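The values are calculated or read from the model by the stated rules, or taken from the named source; none is laboratory data. Nothing here was measured: the structure is a model prediction, and the numbers come from that model. FYI the Cβ positions are ideal-geometry reconstructions off the backbone, even for glycines, and counts take in every protein chain you see. Only protein heavy atoms, including side chains, enter the accessible area calculation; ligands, DNA and RNA are left aside. Shrake-Rupley method; radii C 1.70, N 1.55, O 1.52, S 1.80 Å.
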Amino acid sequence: MIFGNIFAKETEAAYAKPIREAISYCRETDVSKMGESRIELNGEDFIILICDRITEAKEKKLPEVHRKYAELQFMAEGSELMGFYPDKGDNELLMDCLDEKDTIYYKENPNSEEKMLLMTPGTYAVFFPEDVHRPFCQVNEPERVKKVVIKIALDTL
């Protein structure tokens, strides 16, 4: 997992080119007037999702992982808490949605040692297949957030 801010350019040189391109997209694209949408670039190698949602209590959100894509989540507007923990193989499957949307949902794992990342405007997190994450969790109360989620095909990294 990578956690950063789009204004801290000095670390980008260490990232694979598709991750640098995803960060550049977030830095250069004004999504304030865009609604929920899906944009495919280079076939399905680079999928951009614009998300305009309301955060909810952590208990209403499911831990998830992906297998075909790394996922960069960039906070454009609002704030959320994003749960994160490494997938150590001790998670219990809740739903397998790999065929429909490359997502596995897990049941709550009391041994996960989940950390909550505070996502504020300008921050991003990159999750790989071994990174369990729980997006759209409210900070104090439900809040409207606008995020850019970029799915990067693993075979391009």
Given a 1.4 Å probe and every protein chain left where it sits, what share in percent of the accessible area of the stretch 8-157 is carbon and sulfur?
51
Alpha carbon centre of the stretch 84-101 versus the stretch 1-56: separation in Å?
23
Please find, in a Gaussian network model of the chain (springs between Cα atoms separated by less than 10 Å), the residue of Asn91, Asn42, Asn140 whose mean-square fluctuation is greatest.
Asn42
accessible surface per residue for the stretch 1-117, probe 1.4 Å, DNA/RNA/ligands not counted, whole Å² -> 57
For labels at Thr156 and Ala16 in the simple 7 Å Cα→Cβ model, what's the distance in nm?
1.0
Of (1) 57; (2) 54; (3) 61, the label for percent of Cα pairs over 18 Å apart derived from the coordinates
(1)
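Using a cut-off of 9 Å between beta-carbons, work out the net charge of the residues near Ile50 (Lys and Arg +1, Asp and Glu -1, Ile50 not included). Let's see the in-between values first.
Values: positive: Arg38, Lys146, Lys147; negative: Glu36, Asp52.
Charge balance in the 9 Å sphere: +1.
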With every protein chain present, what accessible area does Val149 have (1.4 Å probe, heavy atoms only), rounded to the nearest 10 Å²?
10
